[in-house]
Every structure is written in structure tokens, then in C-alpha cells.
Amino acid sequence: MQKPVKTATLHYDGKEIVLPVYAGTVGPNVVDIRKLFAEAEVFTFDPGFTSTAACDSSITYIDGDKGELLYRGYPIEQLAAQSNFLEVCNLLLYGELPTAAQTTDFVNRVTRHTMLHEQMQYFFRGFRRDAHPMATMVGVVGAMSAFYHDSTDINDPWQREVAAIRMIAKMPTIAAWAYKYSIGQPFVYPQNHLDYASNFLHMCFAVPCEPYVVSPVLAKAMDRIMMLHADHEQNASTSTVRLAGSSGANPFACIAAGIACLWGPAHGGANQATLEMLREIATVDRIPEFIRRAKDKNDPFRLMGFGHRVYKNFDPRAKVMKESADEVLDLLGVKHNPLLQVAKELERIALEDEYFIEKKLYPNVDFYSGIILEAMGFPTAMFTPIFAVSRTVGWIAQWKEMIADPTQKIGRPRQLYVGPTRRDYVPVEARG
Ligand code: CMC
């Protein structure tokens with residue numbers, strides 16, 4: 001970490017504690033409280049980490065007020081319009097846009113790792129047919145550490161690199177096979193002449209009994225969805241990956257932990273939940289009822305796909321996603337999609353409503369993605385696995401950054417204990 005730019009002084013219990021303040025290249029400064037407990041015997045209290053920077057990182061930057069998202073400094077809108085997913089992976093992992101030769105090398109390396117160890121299919125077959133593909137992914141990705149022993153030594157930079165490439169390459173195969181298994185169709189092997197997104201669509205939708213030609217329009221839309229989800233600084237699943245990795249756990253175990261966290265409806269599971277909500281609303285005339293429920297403190301219902309911990313203006317990913325939804329439906333020849341109509345009207349009404357204005361609640365990336373994915377032919381249960389496929393590179397880039405950081409320590413938060421104080425054990429016959 002660099003030199004302090006200023007200090008902050010805390011007066012506590014008659015002591016004056018001077019804390020260094022550091023500045024990043026952009027964004028809020030941080031007060032370094034690492035020595036606070038040693039000097040003042042007091043912890044900071046921040047459940048949900050709303051005011052805590054857990055690490056320094058040079059990968060992704062979000063300005064929540066401006067609605068800005070940068071990957072290694074490049075705005076997401078420019079990347080979504082001009083780049084492609086594997087180039088974004090390269091950028092996130094290595095820090096710079098690759099040269100043509102670096103791109104060829106990277107694409108080759110990813111492409112040569114797309115197959116799974118043949119024995120891994122027995123893991124898929126061990127699950128119930130109705131298993132959610134996210135459940136299958138958590139299990140299978142965790143199991144990779146049992147198959148790829150030559151890439152589990154986190155102290156060896158080469159093994160870390162191989163693990164990274166393996167996961168980026170194999171995640172589409174794992175997600176597609178989880179889907180194929182759930183619908184009782186044979187697994188489709190990767191086709192290395194296809195690009196990353198096309199290969200994924202092929203593994204999801206091809207069957208052995210007839211040819212399947214991937215639509216370039218859908219492949220482009222899928223590639224864009226992947227770029228938009230590729231990283232998002234220290235979100236819940238990324239922090240989970242970092243925390244798991246801080247103990248020295250192997251990379252496959254860490255990414256499996258990230259997948260498990262992503263599944264929650266407040267995080268990546270929101271894309272499935274959003275589409276289910278839009279289906280439940282079904283018609284525009286029912287929107288006011290759902291807006292009312294979302295505002296009712298006694299009703300746990302929330303507008304799924306709305307709100308974000310960091311974005312308090314708009315989510316730039318949602319803007320691109322909304323344009324994509326229009327484009328994809330248009331290109332698929334869908335003249336009228338009732339869910340898109342409900343979504344747009346819901347957005348319009350919510351954004352004019354005092355409650356949503358005051359709380360700065362805007363559509364997030366998950367609001368429109370489900371509409372596109374459904375139009376492509378994916379069932380709702382596949383929405384979050386597609387998020388996981390896309391976010392894998394972000395998790396790995398952040399994990400690699402953490403492991404390479406010489407100041408890295410095991411993540412070990414403390415607590416404000418509010419339970420019983422010391423008391424003596426009472427034998428069962430003496431309990432009242
Ligand atoms: N509908 C209605 N009210 C909401 C919503 C919503 N979607 N989101 C937040 N609020 C209200 C909330 O009730 C609270 O009100 P009050 O201050 O009166 O108690 C206030 O806004 C702040 O909410 P919070 O839960 O303290 O905010 P947070 O930063 O902890 O949560 C969030 C952020 C994304 C979990 C939350 O907005 C939410 O649950 N949204 C719906 C789920 C969703 O779409 N998640 C995807 C997030 S983007 C993709 C990703 O991260 O994977």
C-alpha cells in the first residue's frame with residue numbers, strides 16, 4: 001500500500017488514536033484501522049460491509065453515484081460495444097488489452113481446456129434429474145480439485161495460471177452439462193472450432209441426432225451478457241472467493257464457494273427471481289399492486305432486479321442489457337413480448353414513484369437479462385448458471401490478485417458478542 005495522504009484522529013476512552021488515510025487512483029479514501037484494536041482495544045462494527053474496503057484492488061472500479069463501471073479503467077459500455085468476452089477475460093486477468101498475438105495465445109489456451117475429464121460425467125449422473133443446475137455446478141466445480149492435482153498448489157504461479165485457464169474454459173461445459181442432465185438429454189462435447197459463446201450455446205442446445213447451427217446473433221448477445229457480468233469488484237460472491245482463498249484453500253474449492261454465494265436471490269439468483277416475478281405480474285394492469293407490495297414494510301416482497309448496494313444512480317449494465325433485449329427480440333422476430341412490456345412499464349412506474357426515487361432504486365443488471373435469456377430458449381433455472389459462467393473470470397482475477405499480494409492475511413472478522421456471559425454447565429435433571 002502507498003503512503004498515507006492524510007490522517008484521521010479517533011478520540012476514544014481518553015486516548016487519541018491517529019489513523020493513516022490512503023487514496024486510491026479514484027474513489028473514496030480509506031481509513032486504515034488495522035492497528036486500531038492493538039492500540040485502543042476497540043473493533044469497528046460494519047455488518048454487511050457498507051463502509052469497509054476489504055482489500056486494495058486494481059481490477060474493477062464502480063462509481064455508484066455516476067453509474068460507472070470500469071474494467072481495468074475501460075468503461076463497460078465501450079467494452080460491451082467493441083470488445084468480446086475472451087478479450088475481456090484477458091484484460092481482467094492480466095491488466096491490459098491484449099495484442100493480436102496475445103489474443104491468439106489466450107484463445108488457444110482456453111480452447112484447449114474446454115473438455116472435462118471423462119470420469120467427471122459420473123458426478124453429473126449422481127445428481128437427481130430435478131437438481132437445480134447451480135447445485136450441480138457447486139458440486140462439480142468443487143470436485144475439480146479431485147481431478148486436476150497439477151493445478152491446486154496455490155504457491156506455484158504456473159499452477160495458479162493453469163487453474164485459472166481450466167476454470168474459464170470448463171465452466172461453460174459444466175453449466176451446459178448440468179442443464180443437459182436436468183432435461184434428460186445426452187451431454188454435448190465442446191466444439192473447439194466455435195467461439196466461446198457459440199460453443200456454450202451449442203453444448204446447451206445441440207442434440208446428437210441432428211445438426212445445430214448456432215445463430216451468430218444469439219452468440220453475440222450471449223457474449224455481451226458474459227462481458228457485462230464478468231466482474232463487479234468486491235460483491236458478495238467475489239468476497240466469498242477471496243475469504244475462502246485467504247485460508248490457502250485450492251482454487252476450485254474457492255470458486256465453488258463463489259458459485260454457492262452467487263445463487264442467492266439478493267445476488268445472482270435475482271435474474272431467475274426477476275423473470276418469475278414478471279411472470280407473476282403477467283399484465284401491466286397488475287403493476288400497481290406489486291409496487292404497493294414492494295413499498296409495504298410489513299410485506300417481505302421486493303421488486304426483484306431493482307436496487308443495488310453500490311449503484312445509486314443507475315446500473316450501467318442494465319442500460320446495455322435493455323438495449324440488448326430490444327435487439328435480440330427484434331432479431332428473433334418477436335414482435336410482442338408481454339414480459340418485456342411488463343418490465344418496461346414496471347421500470348417506468350417505479351422510477352416515477354417517490355419511494356423508489358427517495359431510496360435511489362433503479363433496475364440492475366438482472367432486470368432485463370432474464371428476458372433475453374428466455375427468448376434465447378433458456379429455462380429460468382439456467383439464468384444464474386450463465387451468470388456463474390460469466391463471473392468465473394472475475395472471481396479468478398480477484399483470487400489471483402489476492403494470492404499474489406504479499407500483505408495478504410487470512411480473512412478473520414471479529415464480532416460484537418451479545419450472547420450469555422460465562423456460566424456453569426447444568427446437569428439435565430437440574431434444568432427447569
Ligand atoms: N424493492 C423494494 N424496496 C427495496 C428494494 C427492492 N428491490 N431494494 C431495496 N429496497 C429498500 C429496502 O427495503 C430498504 O428500505 P428501508 O431503508 O426503508 O429499510 C432500502 O431500500 C435499502 O435497502 P437495503 O436492503 O438496505 O439495501 P442493500 O444495499 O443492503 O441491498 C440489494 C441491495 C441488491 C440486495 C437490494 O436492493 C435487493 O434486495 N434487491 C432485489 C434483489 C436484486 O435485484 N438483486 C440483484 C443485485 S444486482 C446483481 C448482483 O449483485 O448479483
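The values are calculated or read from the model by the stated rules, or taken from the named source; none is laboratory data. Please read all numbers here as calculations on a predicted model, not as lab measurements. Cβ placement follows ideal geometry from the backbone for every residue including glycine, while neighbour counts extend to all protein chains displayed.
Restricting attention to region 315-328, the residues that are away from the ligand (no atom under 11 Å from the Cβ) and touching a Gly at 6+ places or on another chain (Cβ under 9 Å) add up to 2. The residues on offer are Lys344, Lys409, and the sole one that is in a helix (DSSP H, G or I) and on the phi < 0 side of the Ramachandran plot is Lys344. Answer with yes or no whether Glu210 is in contact with a strand residue (DSSP E or B) (Cβ under 7 Å, 6 or more places away or on another chain) and more than 18 Å from Phe85 (Cβ to Cβ). Here the answer is no, as Glu210 does not meet what is asked. Residue count for region 273-297, restricted to those that are charged (D, E, K, R) and within 10 Å of the ligand (Cβ to nearest atom): 4. When region 193-214 is limited to residues that are loosely packed, with under 15 Cβ neighbours inside 10 Å and not in a loop (DSSP other than H, G, I, E, B), the one that is farthest from the chain's Cα centre (by Cα) turns out to be Glu210.
Looking across region 42-62, the residues that are more than 30 Å from Leu93 (Cβ to Cβ) and in contact (Cβ under 8 Å) with a residue 12 or more places away in the chain come down to Val42, Phe43, Phe45. For region 222-238, a residue qualifies if it is over 23 Å from Gly64 (Cα atoms) and part of a loop (DSSP other than H, G, I, E, B), but none of them does. Inside region 394-432, can you point out the residues that are of a type outside the set (A, V, I, L, M, F, W, C), surrounded by 14 or more Cβ atoms within 10 Å (Cβ to Cβ) and touching a helix residue (DSSP H, G or I) at 6+ places or on another chain (Cβ under 8 Å)? Those that are of a type outside the set (A, V, I, L, M, F, W, C), surrounded by 14 or more Cβ atoms within 10 Å (Cβ to Cβ) and touching a helix residue (DSSP H, G or I) at 6+ places or on another chain (Cβ under 8 Å): Gly394, Gln398, Lys400, Gln408, Gly411. Consider Thr136 carefully, then state whether it is at pLDDT below 95, hydroxyl-bearing (Ser, Thr, Tyr) and touching a helix residue (DSSP H, G or I) at 6+ places or on another chain (Cβ under 9 Å). The answer is no for Thr136. Note on region 328-340: among residues that are at pLDDT 85 or above and out of contact with any Ser or Thr (no Cβ under 9 Å at 6 or more places or on another chain), the one that is farthest from Leu79 (Cα to Cα) is Leu339. Hey, does region 260-272 have a residue that's within 16 Å of Gly394 (Cβ to Cβ), away from the ligand (no atom under 16 Å from the Cβ) and either part of a helix (DSSP H, G or I) or not aromatic (Phe, Trp, Tyr) (or both)? So far as region 260-272 goes, no, none of its residues is within 16 Å of Gly394 (Cβ to Cβ), away from the ligand (no atom under 16 Å from the Cβ) and either part of a helix (DSSP H, G or I) or not aromatic (Phe, Trp, Tyr) (or both).
In the set Val241, Val217, only one residue is away from the ligand (no atom under 16 Å from the Cβ), hydrophobic (A, V, I, L, M, F, W, C) and part of a helix (DSSP H, G or I); that residue is Val217.
Residues in region 351-373 that are crowded, with 22+ Cβ neighbours inside 10 Å and either more than 16 Å from the ligand (Cβ to nearest atom) or assigned to a helix (DSSP H, G or I) (or both): Val365, Asp366, Phe367, Tyr368, Ser369, Gly370, Ile371, Ile372, Leu373.
Set side by side, the residues Phe85, Phe106 differ, and just one is at pLDDT 95 or above and under 18 Å from the mean Cα position of the chain (by Cα), which is Phe85. Entry remark, region 298-314: residues being within 7 Å of the ligand (Cβ to nearest atom) and part of a loop (DSSP other than H, G, I, E, B) number 7 in total.
Each row is one residue, and each column tells you yes or no for (1) farther than 20 Å from Ala350 by Cα; (2) in contact with a Ser or Thr (Cβ under 8 Å, 6 or more places away or on another chain); (3) in contact (Cβ under 8 Å) with a residue 60 or more places away in the chain.
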| residue | (1), (2), (3) |
| --- | --- |
| Val214 | yes, yes, no |
| Leu218 | yes, no, yes |
| Ile259 | yes, yes, yes |
| Gly269 | yes, yes, yes |
| Asp285 | no, no, no |
| Lys297 | no, no, no |
| His308 | no, no, yes |
| Arg317 | no, no, yes |
| Lys322 | no, no, no |
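Looking only at residues that are hydroxyl-bearing (Ser, Thr, Tyr) and part of a helix (DSSP H, G or I) in region 101-126, which one is surrounded by the fewest Cβ atoms within 10 Å (Cβ to Cβ)? Of everything passing the filter in region 101-126, Tyr122 is surrounded by the fewest Cβ atoms within 10 Å (Cβ to Cβ).
Of the residues Pro190, Pro172, the single one that is in a loop (DSSP other than H, G, I, E, B) and either at pLDDT 95 or above or surrounded by 23 or more Cβ atoms within 10 Å (Cβ to Cβ) (or both) is Pro190.
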